[in-house]
Each structure stands twice: as C-alpha cells, then as structure tokens.
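Enquirer: I have a structure I would like to understand better, so I am pasting it below and will then ask my questions one at a time.
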Amino acid sequence: MRLVSKNAASARRIDAAAKSRREQLLDQAARELNSKGISMTSLTDVADKLGFSRASLYYYVEDREDLMFQVYLRSSEIMARQLGEAAQSGRGALQVVGRFISNTLDPAEAVVARLASLLEAGAKAGDIRFCDFPIVARTIISIIHSIPLNSPLAVALHVSRLEIIAAAKDVLANGWAADRSRQVNPSPIDFSPLLAQPGGLFDRGAQFEAKREKILAAASQLFNRRGVDTTSLDDIAAAVGATKRTLYHYVGDKPTILSACYARTDRIFSFIREQATAQGGSAADTLIAVLRANAISHQRDDIEPLRSSTGYDSLSAEEKVLATERGKVLVQAYRALCREAHNEHSMRDVNRDCLLLFMRGAGSWLAKGLVRGDDQRKAQIAAEIADLLRLGLSPL
C-alpha cells in the first residue's frame, strides 16, 4: 500500500511538472504573440526563449496551429477569471468594465455571455446606456484581444501600452463624439459595384472575372475562419463547387490566391472610403459610414475581405512589402479623417492614434462568422460596433 502511495505521489509530481512546463510554454508563446503578433511568432522563437529544443515542443503541442489554439484556450480561461474578479469588486458596472480592460489584454462564449450580462445589469442600474449587449460584449473583447496582435501598428503610431489602456478606458466609457446626443444615420454603402457580373453569354472577360471573384471571396472567408496554413486548395475548390484545376486557371496556386485576396481586400476598403467620402457629409459622418460599411463587409459572404494580418507570414517578401505599404495608406487616410473630425469639433480630444487601433480591432471578430443575420440585422450589428466607439458606454 505504501508503494502504491509513493507511485501515486510520484505520478502527481510528474503531472504537476508537465503542467507547469506546458503553462510556461503557453505563457511564453503569449508573450511572443503580444510583442510580435501572430505572423511574426514561430515555434523556434518560443523554444529558444524557454531553452527547449524544437523537438521537445512537440511533446506539448502538435504544430504551430495547435500552439495558437492552446494559447487561445488559456487566454480565455484567464480572461474569464479576470472578469469574475472584476465583477466581484463591488463597484459600478462601468468601473468593472474599466478594471477588466486594465487586467486583460478571442472571445470565448462564456466570457461574452458574462460580460453581456454585466452590461445589461449596468444598464438597468443606470450606469450604462442600453445597447445590444452581446454584440457590444463581443466588440469590447475583440478590441482588447486585437491590441497585442496589432503591436506593429502601435509601434508605428508611437503609442505605449499604458497610453493604449488609458485610451481604451476613455473611449469605451465616453466615446469619441464631441456631441453624444447628435443622431447620426449615414446612407448605407452600395456594394454592388464590387461584385463582378457574369455578363452576357459571349462576354468571356466578364465571366472570367465573376468566377475569379467568387473564388477569392470563398478563399478569404476560409482563411479568416481557419487560417491560411490549415486551408487547402481542396477546401477552396469544395467551397465554390470546382476543382483545383479550376482554381489554377482563374487565379493560381495558394500563395497566388492569398496575394490576390490581399489586393482584393485593399480594393474593398478603398472603395468603401471613396463611397463614404462621396456622400458629402461631415468628417464624422464619413467616419461612421466607413466603420459601418467595414463591419457589414465582414458579414457578407460575397464581399468578406481578409481580416487584418491574416496569412501575412505566408506572403513572399515582396508581397509583404506591398501589403505593408497598402496598410500605411489606409492608416494615413483614417488618421486624416480623424484629424478633420477633430478640427470641425465633431470629435472630442481623444488619443486619435489609439482610436485607430480600436477601429481596426472592433469588428475583427465578425470575420469568424460567429453572428449572422439578414440585411437589417447586419446593419444593426454594424451600427452597434460603430456606436460603441462613437458613444462609449456611459448613459446618454
């Protein structure tokens, strides 16, 4: 009996040691992701920091994708615990949300439900404005989660982690609008010009472009849902009811498809910005129209662009440079729009560079296809996301 007890104790020590090493691995991976982003983090980076051999990593994870998934699960567990601790602080709902933002930097459903419940209770208590609580909960968590993933942009914008945390608390409490009572309802963007039409029976060029667009839309959606590494040409072909040979004919191999998806995404966001500007409203109206249209685009199967940085590490060196330059142009355009809104006194004094980070992350959860609906519901979701940044959570 004593021998059994010793063996059991020894087994427990081994299990505890293995668990400790696994947690060290996941924590180090999370630190690498926070500092470099997903696209720049490799198994070798994590192994080197821990003094592991690359081969020994495979005792704990199957591959890089499995490592990312396990980090996600651990992050969700930690976020759930931190939200519980924040909720037990005995403070008002708005202060609890602020504490949650301070203590956390992929929205697990349990965390979304708990945060949505907290927001609803806060609204009933008069601490928070009434809104679509589940959508707002997802958006808050998406903003928080996107901050470490967008660390290269934060570096380029010269904003520190402390500045980001302070700005997140400020914007999510009070919004960026100078006049929160002003009603805003910009005209919806018409996406039909982005959709290649098959044309007539003898219009081979139009037919080619329509089929190519269908392939790129399906590929973008799969890359957003599964990641580039775990999406095969067979997956893309099955999604459009075609063969791999068809993909090669209309686009090319997987790297070529990914590159084309990046170019397509830039075309979509440029179109949205141009159409919103053409409406002739104030800078604030244009900004809201852009944010809403961006959110709607991620909900449409026939339009869905790539999520920010998806598959960046799979691009060639030349394509990475091109993608970075396109991203800079987009950021500068949004930066100019925010500056113009501030100059016309429709945007209050907020950290506008941090606001750009939040705009980028607010709707990124939509690319996972977690919530779907008809056109009216899509518009409602888009408005909630844009209004969280415009109005914040404080009562109106």
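The values are calculated or read from the model by the stated rules, or taken from the named source; none is laboratory data. All figures in this text were calculated on a predicted structure; none of them were measured in a lab. So basically every Cβ, Gly included, is an ideal-geometry build from the backbone, and we count neighbours across all protein chains shown. Heads up: the accessible areas ignore ligands, DNA and RNA and are worked out on the full protein's heavy atoms, side chains in. Shrake-Rupley method; radii C 1.70, N 1.55, O 1.52, S 1.80 Å.
Enquirer: Looking at the stretch 213-241, which of the residues that are over 22 Å from the mean Cα position of the chain (by Cα) and charged (D, E, K, R) is nearest to residue 311 (Cα to Cα)?
Expert: Within the stretch 213-241, the match that is nearest to residue 311 (Cα to Cα) is 235.
Enquirer: Ok, one more. Please determine whether any residue of the stretch 268-281 is in contact with a helix residue (DSSP H, G or I) (Cβ under 6 Å, 6 or more places away or on another chain) and farther than 30 Å from residue 388 by Cβ.
Expert: no
Enquirer: Would it be correct to say that residue 234 is assigned to a helix (DSSP H, G or I) and open to solvent by 70 Å² or more (accessible area, probe 1.4 Å)?
Expert: Working: assigned to a helix (DSSP H, G or I): yes; open to solvent by 70 Å² or more (accessible area, probe 1.4 Å): yes.
Spelling it out, residue 234 is indeed assigned to a helix (DSSP H, G or I) and open to solvent by 70 Å² or more (accessible area, probe 1.4 Å).
Enquirer: What pairs can you find where one residue is in the stretch 239-264 and among the β-branched types (Val, Ile, Thr), the other is open to solvent by less than 60 Å² (accessible area, probe 1.4 Å) and not in a helix (DSSP H, G or I), and their Cβ atoms are less than 9 Å apart, with a gap of 6+ or different chains?
Expert: Partner pairs satisfying both residue conditions: 257/251.
To keep it simple, each residue is scored yes or no on (1) open to solvent by less than 50 Å² (accessible area, probe 1.4 Å); (2) at pLDDT 95 or above; (3) closer than 30 Å to residue 389 by Cα.
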residue: 143; (1), (2), (3): yes, no, yes
residue: 155; (1), (2), (3): no, no, yes
residue: 195; (1), (2), (3): yes, no, yes
residue: 200; (1), (2), (3): yes, no, no
residue: 204; (1), (2), (3): no, no, no
residue: 222; (1), (2), (3): yes, no, yes
residue: 230; (1), (2), (3): no, no, no
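Enquirer: Mind listing just one residue for me: the one in the stretch 308-361 that is touching a Ser or Thr at 6+ places or on another chain (Cβ under 9 Å) and within 20 Å of residue 383 (Cβ to Cβ) and, of those, surrounded by the most Cβ atoms within 10 Å (Cβ to Cβ)?
Expert: Top of the filtered list is 358.
Enquirer: Give me the helices (runs of 4 or more DSSP H) completely within the stretch 254-358, filtered to those with at least 2 residues that are at pLDDT below 95, of a type in the set (Lys, Arg) and in contact with an Asp or Glu (Cβ under 8 Å, 6 or more places away or on another chain), ordered by residue number.
Expert: Working: elements: 254-278, 283-297, 317-343.
Hits in the stretch 254-358: 317-343.
Enquirer: Cβ contacts < 8 Å: first residue buried (at least 23 other Cβ atoms within 10 Å of the Cβ), restricted to the stretch 372-389; second residue outside any helix (DSSP H, G or I) and β-branched (Val, Ile, Thr), any location; separation 6+ or different chain. Result?
Expert: 381/371
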